[in-house]
Amino acid sequence: MKWYGKLTTLTLAATLLLGAAGGGAATAAASKLSGKIVVNGSSALLPLTLQASNEFKKLNPKVRISASAAGSVTGPQAVRKGIADIGACDWDASTDVPGFSKFDGQVANKVAVIPFAAIANKSAGVSGLTTKQLQDIFSGKVKNWKDVGGKDADIVVVNRAFGSGTRVNFQMKALQGTDFITKGDNYKEVKSSGDMKTAIETTPNSIGYIDLVYVTDKMTALKIDNVAPTTDNVINGSYKVWSYGYFMTKGQPTGATKAFIEYIQSAKFQNGSLKKLKFIPLTAMK
Amino acid sequence: MSTGSKLAAVVLTAVLGTASAGAVQAAASQPSTGKLQWTVNGQSSEIRTLVLNGQQLVSLSDAAKALGAEVEIMPEGAGIRITLGEHSVLVKAGSKPLNEDGTAFGQVVQSWKQANYVDGASYVQALGGSYSLLDGSGISIQTLQLLEGAETAQWAGDGRLIVSVSDESGRTDYLVDATTGAYSQLLSSSGASDLVVSPDGGKVAFSETDGTLRTVDLSTLRMAKIGTDTSIKSNLQWSADGKSIYFLQGDKTNVIAAADVATGAVSKVLDDKVEYKGDLSVTAGGLSYSVVKAGTVTADASKAVDLDDVSIDDSQTNPQLFDLDLSKSDAKPVQVTKSDDGKLFIQRSAAGKVYYVQAGDEGSNSKLASATAAGQAVAFDKEDVQEAVQAGSYVGILTDRSVYVLNEESGSVSKLADAPEGASNLALSKDGSKAALIADGKLQVLSGGKWISLTK
């Protein structure tokens, strides 16, 4: 039994407390890690890699990181060859995908969610296509926009070059594995996302595909099966054309490489810089 | 039955004589009196002490006054109730104090020359405070509820800090009183950029996930939207006059742009097609930034994938620093470094020097260096430099063991304090006199030459 009744709570004049404090995730102090990390591969993931590198090196001043990009497939290739510690790749290169066999012994570490969009030149006159229509256009069966609800004009198909992670994902997720045309008067190939953006913006009646982050108001981001390519629709599961971005490593990562991957996967980076670069955090896809 | 008469702590001494009537006199050994320094929520107080049988006790009235506790004389000689916030203790000379559940704790309360003395540590803890020794020369006591955790800290004026804490759902920013640790929530967000404090400490700027630029007035807590531009923004920086907010634009950060705070209009400051700029820093008359080059890859896509026909040249991938004179409309960026070394914590000083931490290799110290168009120089290499932070005419330097301040005007470097184990995120006030950092996941503020935890 208490020796006195309930006390009146006193408010301390100096207390400015408003709301509860969140749980603290402490920032690590400058670490003892050292060494060099070489990252190569996906051009889509390069801005992410460089931003994370800048932040990570402040916590680990004696770790050097170099980053380069020449298409997703060169990531796991460089890891297998032993000239890179991390292969940035837009698909899980430890498994077989259309056009590429799996890279034995490599581990796929998820770092981001990358949405992709089918895009068309503003002149095409369509706002959306079905999966079947996309398959027919990219395989060359349908050659005129009027056959899919657009104007009477030849369709110009713009494709990414072999080795592109965006191409692998678009083929797997949007075309459900059907083949691309690879030649013809109304067929173009481009080497990067930047080139794809320019091609679609400036080529009348063109169609292509791109990372959602590159979509501009000078092109039409097409609905697929009546679902718009938006971050919200990726997260709610209604839009299927997306993939994880991976950091491929030779076996499980160790040392500075492991710490760097863990930094990118951290809540601080995922909710901060990664979101600002228009990627979707891994935790959003639970 | 009676509730007793409540008295302010400041007049407690006068009434304790009555309240302690019948107290056990300290007679086991000859007591000695002295004084002790208590720092309660950052405020210093002198507390009378009584040493008896090797045990140091503190004056009940001095302690109550220092804590700001409320005192109530209980009826019928039942003792004195001391109340601090939601916590109370009952004190009676000759007995151990009782906590709210009636459980005795600490040492027997002693009466000596019309004053009562209690065991300070258990008394403070029973009242909900924390009690810790300050390097043997005083006692630090915290009775306010402190913020839990701290990830980064920066000064917003001289007397307060902005402290950020992240969890799975995002980041919350708090205003923390740099003396008491009292705090208030400023912003809770998922995806907002780090807050950047204006030169006068009165506002913060940040960009939302969709690129929208906003400011918050720290006095009124009113938020304002700056323009309608939603391009990707990073490295926000206030101009020296607080009228513009500079930023790197685009996912490849190839453009430096500025938003007019009054009108929201965004204008390009530099669009030279050079990608992957970073570390934007703006001071009066100019700005600096780094440029990182991606490695050069040679790959023949026509060859079979399993031939791994890939080579990488990453010999030029360390950042180089550039400076741009903002006083001339036709000025071109000037490259101020050519060295092939890691460059971190890059910031332009008010005098136009670009300071950075030159990262050492394993086994060699990192140094503080500076660069201008005239060349590069080592500014500090006494210890292994971990971080550097620009504040007015000063550069704060965190090494693996100390905190130093470089006075740019005089060129002198003075040591502020030893650094706590595992310190990071050094923040220096604009006059170079106040320092804060994060250690052991807590905000630590330098006070009287000692680091005081202002978060838990």
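If the condition is being of a type in the set (Phe, Trp, Tyr) and either over 23 Å from the mean Cα position of the chain (by Cα) or at the interface with chain A (Cβ under 7 Å from one of its Cβ atoms) (or both), then the stretch B:340-367 contributes only B:Phe345. B:Gly449 - would you say it is surrounded by fewer than 16 Cβ atoms within 10 Å (Cβ to Cβ), more than 14 Å from every other protein chain (Cβ to nearest Cβ) and in contact (Cβ under 8 Å) with a residue 24 or more places away in the chain? Here the answer is yes, as B:Gly449 does meet what is asked.
Say we look at the stretch B:206-246 and pick out the residues that are among the acidic types (Asp, Glu) and surrounded by 17 or more Cβ atoms within 10 Å (Cβ to Cβ); which of these is nearest to B:Gln347 (Cα to Cα)? The residue in question is B:Glu208. If you go through the stretch B:177-190 and pick out every residue that is out of contact with any Asp or Glu (no Cβ under 8 Å at 6 or more places or on another chain), facing another protein chain (nearest Cβ under 9 Å) and buried (at least 20 other Cβ atoms within 10 Å of the Cβ), you end up with 3. Looking only at the stretch A:191-234, residues that are of a type in the set (A, V, I, L, M) and over 22 Å from A:Phe279 (Cβ atoms) come to 2 in all. Determine whether B:Ile397 is touching a residue at least 12 places away in the same chain (Cβ under 8 Å), crowded, with 18+ Cβ neighbours inside 10 Å and touching a Phe, Trp or Tyr at 6+ places or on another chain (Cβ under 7 Å). Considered against the rule, which asks whether it is touching a residue at least 12 places away in the same chain (Cβ under 8 Å), crowded, with 18+ Cβ neighbours inside 10 Å and touching a Phe, Trp or Tyr at 6+ places or on another chain (Cβ under 7 Å), B:Ile397 comes out as yes.
In the stretch B:34-54, the count of residues that are modelled with pLDDT of 50 or more, touching a strand residue (DSSP E or B) at 6+ places or on another chain (Cβ under 8 Å) and over 26 Å from B:Ser140 (Cβ atoms) is zero. Can you find a residue in the stretch A:190-203 that is farther than 30 Å from A:Ser34 by Cα, more than 15 Å from the chain's Cα centre (by Cα), outside any loop (DSSP other than H, G, I, E, B) and among the small types (Gly, Ala, Ser)? Among the residues of the stretch A:190-203, at least one is farther than 30 Å from A:Ser34 by Cα, more than 15 Å from the chain's Cα centre (by Cα), outside any loop (DSSP other than H, G, I, E, B) and among the small types (Gly, Ala, Ser), which makes the answer yes. Of all residues in the stretch B:86-112, those that are among the hydroxyl-bearing types (Ser, Thr, Tyr) and in a strand (DSSP E or B) have Cβ atoms under 6 Å from Cβ atoms of residues that are at pLDDT 90 or above and crowded, with 20+ Cβ neighbours inside 10 Å, 6 or more apart or on another chain, in B:Ser88/B:Arg81; B:Ser111/B:Ala93. Filtering A:Ser66, A:Ser72 for residues that are over 15 Å from the mean Cα position of the chain (by Cα) and of a type outside the set (A, V, I, L, M) leaves a single hit, A:Ser66. Taken over the stretch B:303-314, the criterion of being out of contact with any helix residue (DSSP H, G or I) (no Cβ under 6 Å at 6 or more places or on another chain) and facing chain A (nearest Cβ under 9 Å) is satisfied by B:Val305, B:Asp306, B:Leu307, B:Asp309, B:Ser311, B:Ile312, B:Asp313, B:Asp314. The residue that is farthest from A:Ile264 (Cα to Cα), among those in the stretch B:141-184 that are in a loop (DSSP other than H, G, I, E, B) and over 15 Å from the mean Cα position of the chain (by Cα), is B:Thr143.
If the condition is being touching a residue at least 24 places away in the same chain (Cβ under 8 Å), away from chain A (no Cβ under 14 Å) and more than 10 Å from the chain's Cα centre (by Cα), then the stretch B:410-428 contributes B:Val413, B:Leu416, B:Ala417.
Answer yes or no: is there a residue in the stretch A:271-282 that is in contact (Cβ under 8 Å) with a residue 40 or more places away in the chain, part of a loop (DSSP other than H, G, I, E, B) and either more than 14 Å from chain B (Cβ to nearest Cβ) or among the small types (Gly, Ala, Ser) (or both). Taking every residue of the stretch A:271-282 in turn, none turns out to be in contact (Cβ under 8 Å) with a residue 40 or more places away in the chain, part of a loop (DSSP other than H, G, I, E, B) and either more than 14 Å from chain B (Cβ to nearest Cβ) or among the small types (Gly, Ala, Ser) (or both).
A Cβ distance below 6 Å, combined with a sequence gap of six or more or placement on separate chains, defines the contacts here; from the stretch A:119-136, residues that are within 20 Å of A:Ser238 (Cβ to Cβ) reach residues that are basic (Lys, Arg) in the pairs A:Gly128/A:Lys223. The residue that is surrounded by the most Cβ atoms within 10 Å (Cβ to Cβ), counting only those in the stretch A:154-180 that are touching a strand residue (DSSP E or B) at 6+ places or on another chain (Cβ under 7 Å) and more than 16 Å from A:Ile119 (Cβ to Cβ), is A:Gly165. Evaluated against (1) at pLDDT below 95; (2) under 25 Å from B:Ala240 (Cα atoms); (3) of a type outside the set (Val, Ile, Thr), B:Gly360 falls short on exactly one condition, (2). Which residues, counting only those in the stretch B:315-335, are more than 14 Å from chain A (Cβ to nearest Cβ), assigned to a loop (DSSP other than H, G, I, E, B) and surrounded by 15 or more Cβ atoms within 10 Å (Cβ to Cβ)? Result: B:Leu326, B:Pro333. Annotation: of all residues in the stretch B:140-173 being in contact with a helix residue (DSSP H, G or I) (Cβ under 7 Å, 6 or more places away or on another chain) and β-branched (Val, Ile, Thr), the one that is farthest from the other protein chains (Cβ to nearest Cβ) is B:Ile141. Counting residues in the stretch A:197-208 that are surrounded by fewer than 19 Cβ atoms within 10 Å (Cβ to Cβ) and of a type in the set (D, E, K, R) gives one or more.
For the stretch A:244-260, a residue qualifies if it is surrounded by 22 or more Cβ atoms within 10 Å (Cβ to Cβ) and either of a type in the set (S, T, N, Q) or not in a strand (DSSP E or B) (or both), and the qualifying residues are A:Thr249, A:Thr257, A:Phe260.
When the stretch A:47-66 is filtered for residues that are facing chain B (nearest Cβ under 7 Å) and either basic (Lys, Arg) or farther than 24 Å from B:Ser364 by Cα (or both), the ones remaining, listed by number, are A:Pro47, A:Leu50, A:Lys57, A:Lys58, A:Lys62, A:Arg64. For the stretch B:225-234, which residues satisfy the criterion of being modelled with pLDDT of 95 or more and within 18 Å of B:Asp194 (Cβ to Cβ)? Within the stretch B:225-234, B:Ile226 is the sole residue that qualifies. For the subset of the stretch A:97-122 comprising residues that are within 12 Å of another protein chain (Cβ to nearest Cβ) and surrounded by fewer than 24 Cβ atoms within 10 Å (Cβ to Cβ), which member is modelled with the lowest pLDDT? Only one residue tops the list, namely A:Gly99.
Residue-level check: of (1) of a type outside the set (D, E, K, R); (2) surrounded by fewer than 20 Cβ atoms within 10 Å (Cβ to Cβ); (3) within 7 Å of another protein chain (Cβ to nearest Cβ), B:Ser193 misses just (2).
Of the residues in the stretch B:290-303, none is in contact (Cβ under 8 Å) with a residue 60 or more places away in the chain, within 21 Å of B:Val395 (Cα to Cα) and touching an Asp or Glu at 6+ places or on another chain (Cβ under 8 Å). When the residues of the stretch A:261-282 are filtered to those that are within 16 Å of the chain's Cα centre (by Cα) and modelled with pLDDT under 90, the one that is surrounded by the fewest Cβ atoms within 10 Å (Cβ to Cβ) is A:Leu277.
The values are calculated or read from the model by the stated rules, or taken from the named source; none is laboratory data. Note that the structure is a prediction, hence the values are computed from the model and not measured. As a convention, Cβ positions derive from the backbone with ideal geometry for all residues, glycine included, and neighbour counts pool all protein chains shown.
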